[in-house]
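The values are calculated or read from the model by the stated rules, or taken from the named source; none is laboratory data. Just so you know, these numbers come straight off a predicted model, no measurement behind them. Neighbour counts run over all protein chains shown; Cβ positions are idealised from the backbone, glycine included. Surface accessibility is based on the protein's heavy atoms, side chains included, excluding ligands, DNA and RNA. Shrake-Rupley method; radii C 1.70, N 1.55, O 1.52, S 1.80 Å.
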Amino acid sequence: MPSVAAPPPHGLRAFTAVQGALLLAGLAALGVQASSAPPMHNALGAATLLVAAWALWAALRGRISPLQALMVQAGALATATSAMGLLHWHWLFKPLTMVIAIIFVAYSARQISAGGQFSSKSWGLLVAALVGSLAGDAFLMVEGFFIPGLVSFLLAHLAYIALFKQGVPWFAHRGALAATVGVGAAMYLFLWQGGLPPELRVPVAVYVLVIALMAAQALGRARTLGNRAAHQVALGACIFMLSDALLATNRFVLPLPLAQVGVLTTYYAAQAFIVHGTVRGLLAGRQSV
């Protein structure tokens, strides 16, 4: 399986130098503020540095590209700044994460396209899903824009469903279809009984069904293709369901401890697995393009 698209070696050296300097600066800042900052902030700062260091290591080992490393690091910063209440920084890093993901996909597509355009429907669907996710992220950061955010993510999941259909049958794993729809139905009943507002019952029901179908199609695709990239995509789809379940529980039923950490960590893990697996699958030519 080919590695993900990466810049030339001299670009990687510059990337490593800048990353190293930023990690050292972050470590120094954490040390200076450790005695005065709340313990939870120190823990989040340390975890963010660890994630950033892992992303750099993975990029140097060729496991992910530098753009993917930046996506992981931006997601970690978005998560930490949200949990710490640093909203202005959160408003920067949350949309930036999806912007980097879109750039990574466009760069990867360009690498295998003679004319510099997307070479297949699959690339366009992946970008559409990420654009929908970016719009959803932006809407959900603004009070009173829950429905536009929900619709944006609904469109993103529809794009993912169409993407996961490329070259494979509909819902090839019927057991997975029954399982994801069943889990979605149970979650919806839990939200209904927990206080889901009447005006949101229909839109949330539609959303739950669509994300369950998205996960089912990803699992069926993994069974059909049988390769590691497809299984990574399926894992990401299932984690996406978990992330939304945590978000909905915290929003409509009861406050969860460290809710933002749980919701955003699972959200970015889901998107990272889906993007990484899809791009690797397309570059390997293991999916109809």
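Within the bounds of the stretch 218-231, is there any residue that is open to solvent by 30 Å² or more (accessible area, probe 1.4 Å) and within 15 Å of the chain's Cα centre (by Cα)? Lay out the reasoning, then the answer.
From the stretch 218-231, those open to solvent by 30 Å² or more (accessible area, probe 1.4 Å) are 219, 223-226, 228, 231; that's our starting set.
Now narrow it down to the ones that are within 15 Å of the chain's Cα centre (by Cα): none.
Looking through the stretch 218-231, none of the residues is open to solvent by 30 Å² or more (accessible area, probe 1.4 Å) and within 15 Å of the chain's Cα centre (by Cα).
Mind checking which pairs have a first residue in the stretch 154-171 that is small (G, A, S) and at pLDDT below 95 and a second that is outside any helix (DSSP H, G or I) and open to solvent by 20 Å² or more (accessible area, probe 1.4 Å), Cβ under 7 Å, 6 or more apart or different chains? That search, which allows pairs on different chains as well, returns G167/S288. Looking only at the stretch 128-149, which residues are of a type in the set (A, V, I, L, M, F, W, C) and either in contact with a His (Cβ under 6 Å, 6 or more places away or on another chain) or buried (at least 19 other Cβ atoms within 10 Å of the Cβ) (or both)? Once the filter is applied, which keeps residues that are of a type in the set (A, V, I, L, M, F, W, C) and either in contact with a His (Cβ under 6 Å, 6 or more places away or on another chain) or buried (at least 19 other Cβ atoms within 10 Å of the Cβ) (or both), the stretch 128-149 yields A129, L130, L134, A135.
If you go through the stretch 234-274 and keep only what is modelled with pLDDT under 95, within 17 Å of Y207 (Cβ to Cβ) and either of a type in the set (F, W, Y) or not in a helix (DSSP H, G or I) (or both), you end up with just F252. Scanning the stretch 193-207 for residues being surrounded by 19 or more Cβ atoms within 10 Å (Cβ to Cβ) and closer than 14 Å to I161 by Cβ gives a total of 1.
When the stretch 56-77 is filtered for residues that are of a type outside the set (A, V, I, L, M) and either open to solvent by 40 Å² or more (accessible area, probe 1.4 Å) or in contact with a His (Cβ under 8 Å, 6 or more places away or on another chain) (or both), the ones remaining, listed by number, are W57, R61, R63, Q68.
Filtering the stretch 245-265 to residues that are touching a residue at least 60 places away in the same chain (Cβ under 8 Å), open to solvent by less than 50 Å² (accessible area, probe 1.4 Å) and under 13 Å from the mean Cα position of the chain (by Cα) leaves only L264.
Condition check: modelled with pLDDT of 95 or more, under 25 Å from V151 (Cα atoms) and either among the β-branched types (V, I, T) or out of contact with any Lys or Arg (no Cβ under 9 Å at 6 or more places or on another chain) (or both). Does Y188 satisfy that?
Details: modelled with pLDDT of 95 or more: yes; under 25 Å from V151 (Cα atoms): yes; either among the β-branched types (V, I, T) or out of contact with any Lys or Arg (no Cβ under 9 Å at 6 or more places or on another chain) (or both): no.
Against the criterion (modelled with pLDDT of 95 or more, under 25 Å from V151 (Cα atoms) and either among the β-branched types (V, I, T) or out of contact with any Lys or Arg (no Cβ under 9 Å at 6 or more places or on another chain) (or both)), Y188 does not qualify.
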